[in-house]
Amino acid sequence: MDHKYKPESLMMSYGYKPELSEGAIKCPIFQTSTFVFKTAEEGKAFFEIAYGKREKLANEELGLIYSRINNPDLEILEDRLCLWDNAESCAVFESGMSAITTVLLEFLEPGDLILYSRPLYGGTDHFIHHYLPKIGIGTVGFKPGQDRDEIIKLLEDTGKPGKLKIIYMETPANPTNELIDIECCKSIAKQYSQPENEVLVVVDNTYMGPLWQHPLKHGANFVIYSATKYIGGHSDIIAGAVLGNKELMKRVKTLRTFLGNMAGPWTGWLLMRSLETLKIRMEQQQKNAIEVANFLHKHPKVKKVNYLGLIKEGSKEHDIFKKQYSGSGAMLSFELKGGEREAFRFLNSLKMIKLAVSLGGTECLAEHPRTMTHAGIDDSDLKEMGITDSMVRLSIGVENYKDIIWDIEQALNKI
Ligand SMILES: *Cc1c(COP(=O)(O)O)cnc(C)c1O
């Protein structure tokens, strides 16, 4: 009888055959650079497929050749990551940044235009602003809250809307947690697509994935992760992933082969280990975040809390929230009454919660976006984006929520 298992039930074994590895219940670390062909004919066939010289025959798999092209620890991990987003294909990278830059470099050509949401992760923002213009690519940003007509006006004002090739976004925005409507962006992409030139929608889903938001379902062509965050989940690896349909992913994987920025087998193995507990970690982090958000929301020293669970019903944002998210996540930011002095006093007074950037790990982290993760952004832009001197960002971990709240409360009392 056919039974469709849920992803969390498949994370322990999917895609791995113990009989190929001496019966080991877990996939070993295939710490090898190259693979032995059984015959010269087999080697020839593998290369024909790898170099796209002919199509695969029915039931023919790409054989193992060399670990820059493929390795069992990456292939099995990629198959497992596909399950969460219901994707056809996945490529794992040595960092989130290498995943992002590989997609942008593969699909953008000199003269093209990229439309992107602001604020973006600092590394991505830097690449878009300082690298892409060097190779002749135009860039135009839009803000969460801008509607379809306003975004189209920005696009038309560039004078070359017909050159639009990629719409790139992060939703919710970091650190303000404002939402962007993926389906609306898809409709803009469709409007500017031509028969031989599809405008691609790319979503960095690091903040909410792979559990609480599935951009491919809303029309995105690619979903990208910094696997350093929730997917790795233990603040001990740097890695990235891209998912999408087979045809587009073939191009991503080909460029990965030639840039050589795939993850190694050890990273692949650690990420498979992390995936076994992904759902329970993220669910616990979310439960804790809800408690923390409710606590902060009522605290007299707190001016404003930005958390998906606190979006007002009936608002336009709430409509996006309802259609696009299955949870409120574990990332929140809040503004203290006061300025940098008050924010720093709070951060310096924390006892259990660590003062560090990054997010999605098992431990709580706190940071000051204005002077840390978002320090590279111009003052006027920061103001426009609502990233203030008194804002603190929290990534909530799996600790007991009472301990987290105790720590936050005692630090607030020091202000
Ligand atoms: C961390 C992060 C990245 C970059 O990922 P690395 O693994 O550090 O290269 C990209 N996007 C978002 C939203 C991130 O949080």
Open item on the list: Under the rule of at least 5 residues apart or a separate chain, name every residue whose amide H is placed under 5 Å from the amide H of Thr373.
Closed with: His368
- [ ] Show the residues, 5+ positions off or on another chain, whose built amide H is closer than 5 Å to the amide H of Leu200.
- [x] Ile166, Ile167
Task: Amide N of the range 26-54 lying under 11 Å from the label point, which is placed 7 angstrom from the Cα of Lys17 along Cα→Cβ - done: none
Open item on the list: Under 12 Å between alpha carbons, and skipping anything fewer than 8 positions from Lys287 in its own chain: which aspartates and glutamates qualify?
Closed with: Glu399
Open item on the list: Rounded to the nearest 5, what % of DSSP beta bridges with both residues in the range 278-412 are antiparallel?
Closed with: 85 percent
Task: Phi to ³J(HN,Hα) by Karplus 6.51 cos²θ - 1.76 cosθ + 1.60 over the range 15-26, Hz, x for Gly, Pro - done: x, 10, 10, x, 5, 7, 9, 6, x, 3, 5, 9
Task: Net charge contributed by nearby residues that have their C-beta within less than 13 Å of Asp236 (K/R +1, D/E -1) - done: +1
TODO: Give me the distance between the Cα centres of the range 49-100 and the range 230-252, rounded to whole Å.
DONE: 11 Å
TODO: Could you check what % of the DSSP bridge pairs in the range 159-250 are antiparallel, to the nearest 5?
DONE: 45 percent
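Dipole of the range 37-157, Cα-centred, from +1 at each Lys and Arg C-beta and -1 at each Asp and Glu C-beta, to the nearest 20 debye? Before the final figure, lay out the partial values.
Values: 12 positive and 22 negative charges, 62 e Å.
Using only the charged Cβ atoms, the result is roughly 300 debye.
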Open item on the list: Explain nothing, just the number: relative contact order of the chain, from Cα pairs under 8 Å at least 6 residues apart, as a whole percent.
Closed with: 16 percent
Task: Backbone HN-Hα couplings from phi across the range 49-63 [Karplus 6.51/-1.76/1.60, Hz, Gly and Pro as x] - done: 6, 4, 8, x, 6, 8, 6, 5, 6, 4, 6, 8, 9, 5, x
- [ ] For the range 67-275, build the charge dipole from Cβ charges (+1 Lys, Arg; -1 Asp, Glu) around the Cα centre, then report which of Ile151, Val92, Gly233 sits farthest towards its positive end.
- [x] Val92
Open item on the list: Per-residue counts of other Cβ atoms within 10 Å, averaged by peptide: what ranking do you get for 256-269, 50-63, highest first?
Closed with: 256-269, 50-63
Task: Protection-proxy order for peptides 364-374, 243-253, 327-337, 5-15, each taking the mean of Cβ atoms within 10 Å per residue, highest first - done: 327-337, 364-374, 243-253, 5-15
- [ ] Name the residue farthest towards the positive end of the dipole of the chain from the options Gly219, Pro119, Met391, assuming +1 on Cβ of Lys and Arg, -1 on Cβ of Asp and Glu, about the Cα centre.
- [x] Met391
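Can you tell me the dipole magnitude for the range 67-275 around its Cα centre, using point charges on the Cβ only (Lys, Arg +1; Asp, Glu -1), in Debye to the nearest 20? Present the calculation step by step, with values, prior to reporting the outcome.
Working: 20 positive and 25 negative charges, 56 e Å.
It works out to roughly 260 debye.
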- [ ] Taking H placed 1.01 Å from N in the peptide plane, check which residues at least 5 places from Lys304 or on another chain put their amide H under 5 Å from its amide H.
- [x] Glu335
- [ ] Past 20 Å, Cα to Cα, is the threshold; run Lys229/Lys316; Lys303/Lys383; Lys134/Lys165; Lys217/Lys323; Lys298/Lys337; Lys160/Lys250 against it and keep the listed order.
- [x] Lys229/Lys316; Lys160/Lys250
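Over the range 278-412, what is the mean sequence separation of C-alpha contacts under 8 Å (at least six apart), divided by residue count, expressed as relative contact order in percent? It would help to have the intermediate numbers written out before the result.
Numbers: 210 pairs, mean separation 41.2, N = 135.
Relative CO of the range 278-412 lands at 30 percent.
Let me spell out the model: positive unit charges on the Cβ of Lys and Arg, negative unit charges on the Cβ of Asp and Glu, origin at the Cα centre of the chain. What dipole size does that give, in debye rounded to 20?
Details: 50 positive and 55 negative charges, 110 e Å.
Around 520 debye, computed over the chain.
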- [ ] Of the options Gly329, Ala411, Ala343, report the single residue whose Cα projects farthest towards the positive end of the charge dipole of the range 296-415 (beta-carbon charges: Lys, Arg +1; Asp, Glu -1).
- [x] Ala411
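So what's the projected area for the range 67-275, the Cα convex hull averaged over all directions, in nm²? Spell out each step's value before the answer.
Working: hull surface 42.6 nm².
Projected over every direction and averaged, the Cα hull of the range 67-275 covers 10.7 nm².
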Open item on the list: Give me the three principal axis extents of the chain from the C-alpha atoms, as integers in angstrom, largest value leading.
Closed with: 73, 55, 43
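Over the range 67-275, what is the percentage of antiparallel beta bridges among all DSSP beta bridges, to the nearest 5?
Antiparallel bridges make up about 40 percent of those DSSP assigns within the range 67-275.
Coordinate-derived values only; no laboratory data. No experiment lies behind these values; they were computed from the predicted model shown. Because the Cβ atoms are built from the backbone with ideal geometry, glycine has one as well, and the counts that use them run over all protein chains shown.
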